[in-house]
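See structure below.
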Amino acid sequence: MLRFITAGESHGPALTTIIEGLPAGVPVDIELINRDLARRQKGFGRGGRMLIEQDRVEITAGVRFGQTLGSPVTMVIHNRDWENWQDRMSPAGPPSGQAVSSPRPGHADLTGVLKYDRQDVRDILERASARETAARVAVGALTKQVLTAAGIKIIAHVTNIGGVNAQVASREYDELQSAVFASELGCLDANAETQMKAAILEAKNHGDSLGGIFEVLALGVLPGLGSHVQWDRRLDTKLAAALMSIQAIKGVEVGVGFEYANLPGSKAHDQIYYEPERGYYRQTNNAGGIEGGMSNGEPIVLRAAMKPIPTLMTPLSSVDIVSKAPIQANTERSDVCAVTAAAVVGEAMTAIVLTEVLLEKFGNDNLTDLLSAISHYRQRLAGL
């Protein structure tokens, strides 16, 4: 069973993650992990924190001479901004610095202080911060190295920011990746990107923020990952939960998603065909590569909607948790728009889930046996 946990606060010393269940013998390229960490930090509309942090991972357990050992892998990402926060975030000694008493609408602030009986909103916002997702991206980048060995590739791109929609044509993976990496917003439509940047600048000038939509594509996924037999084993259940777990994500769809509500069955479902040289296939992919809770061999297509960031430079109304008097919400250093970063996190969470179900089906002791089992499975399918 593949599982991971993360620990650390936004302005604490570091983010730490432990991953258990990776096969032994997986080649580990640290620079590929650092590449995805750098991608998470980019994007037009990001805040000043990105000028301070230059995220790089340190592997402290579970890898030797560039290969996983089959034991838990521990990764650490040090927070460079910790130097400026040691007094306010010290794990020992008396409290220091101004307590935050004005919760932000749309954030974990108020509900968190009520649930955990805290008197300083910072006790909640530090962990609720999307800074935590840097650790998830590191895990995702590591699991991608398992998926690559199995012939599975994943890429995410931005399709909407602030109501500006990108027009995207079908492309091969290498072309998709090249275009996403070259775009400041991770958007495949240059004209839409120009309009998105203008919308972000306008929001910034008004002290506002913007959300949007990103799409994740997984190519080369074998049919039969996931299961129909229990609700929690369904692949779409796992993927939807993984994307919804990302801070500020409020909606997820698979394939055409909500558009299904507007289609008759005759136009909704992907008809099945067969040719000896390619086996079973579909000419459309409305299902987004998942039927009955299982991958069907077509590309997996997921989309997630991100709400605007709750921290506004023109603050919304709130209530002081100490005096109960009306107050303007707290303002933290923040982004105007972070949909590009969220797309990278979505890519990572998709990779983690697909690795989980791949190992569940084929085993996770070592990479040699894993690839052998996959090869045998492919041969069996080819004979059907």
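What strands (runs of 3 or more DSSP E), lying completely within the range 3-121, carry at least 2 residues that are among the hydrophobic types (A, V, I, L, M, F, W, C) and loosely packed, with under 13 Cβ neighbours inside 10 Å?
Output list is empty.
Going by what's in this entry, would residue 134 be described as under 28 Å from residue 330 (Cβ atoms), open to solvent by 30 Å² or more (accessible area, probe 1.4 Å) and either touching a helix residue (DSSP H, G or I) at 6+ places or on another chain (Cβ under 9 Å) or at pLDDT 95 or above (or both)? Give the derivation first.
Values: under 28 Å from residue 330 (Cβ atoms): yes; open to solvent by 30 Å² or more (accessible area, probe 1.4 Å): no; either touching a helix residue (DSSP H, G or I) at 6+ places or on another chain (Cβ under 9 Å) or at pLDDT 95 or above (or both): yes.
Answer is no for this residue.
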Index of the failed condition, residue 143 passing every other in (1) closer than 25 Å to residue 46 by Cα; (2) within 21 Å of the chain's Cα centre (by Cα): (1)
Scope the range 282-336; condition of a type in the set (Ser, Thr, Tyr), over 19 Å from residue 212 (Cβ atoms) and within 22 Å of the chain's Cα centre (by Cα); matching residues: 295
Residue match in the range 167-184 (condition: crowded, with 23+ Cβ neighbours inside 10 Å and among the hydrophobic types (A, V, I, L, M, F, W, C)): no
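In the range 212-238, which residues are of a type in the set (A, V, I, L, M), open to solvent by less than 30 Å² (accessible area, probe 1.4 Å) and part of a loop (DSSP other than H, G, I, E, B)?
If the condition is that a residue be of a type in the set (A, V, I, L, M), open to solvent by less than 30 Å² (accessible area, probe 1.4 Å) and part of a loop (DSSP other than H, G, I, E, B), then 221, 222, 225 are the ones that fit.
Within the range 84-104, does at least one residue satisfy the condition of being under 23 Å from the mean Cα position of the chain (by Cα), at negative phi and among the basic types (Lys, Arg)? Walk me through it before giving the result.
Start the filter on the range 84-104 by keeping residues that are under 23 Å from the mean Cα position of the chain (by Cα), which leaves none.
Within the range 84-104, none of the residues are under 23 Å from the mean Cα position of the chain (by Cα), at negative phi and among the basic types (Lys, Arg).
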Selection from the range 296-308 of residues that are farther than 24 Å from residue 272 by Cα, in contact with a Leu (Cβ under 8 Å, 6 or more places away or on another chain) and open to solvent by less than 40 Å² (accessible area, probe 1.4 Å): 304
Index of the failed condition, residue 335 passing every other in (1) of a type outside the set (Val, Ile, Thr); (2) modelled with pLDDT under 95; (3) open to solvent by 40 Å² or more (accessible area, probe 1.4 Å): (3)
Evaluation of residue 146 against (1) open to solvent by less than 50 Å² (accessible area, probe 1.4 Å); (2) free of Cβ contacts under 8 Å to residues at least 12 places away in the same chain (one fails), failing number: (2)
Residue check for residue 151: in a loop (DSSP other than H, G, I, E, B), out of contact with any Pro (no Cβ under 6 Å at 6 or more places or on another chain) and open to solvent by less than 20 Å² (accessible area, probe 1.4 Å): no
Filtered residues of the range 239-274 (kept if in a helix (DSSP H, G or I), open to solvent by 40 Å² or more (accessible area, probe 1.4 Å), under 22 Å from residue 305 (Cα atoms) and among the small types (Gly, Ala, Ser)): 241, 261
Total residues in the range 202-211, condition touching a residue at least 60 places away in the same chain (Cβ under 8 Å), more than 23 Å from the chain's Cα centre (by Cα) and open to solvent by 30 Å² or more (accessible area, probe 1.4 Å): 3
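The values are calculated or read from the model by the stated rules, or taken from the named source; none is laboratory data. What you see is a predicted model; the values in this text were computed from it and never measured. We place every Cβ from the backbone using ideal geometry, glycine too, and count neighbours over all the protein chains shown. SASA here: full protein model, heavy atoms, side chains in, ligands and nucleic acids out. Shrake-Rupley method; radii C 1.70, N 1.55, O 1.52, S 1.80 Å.
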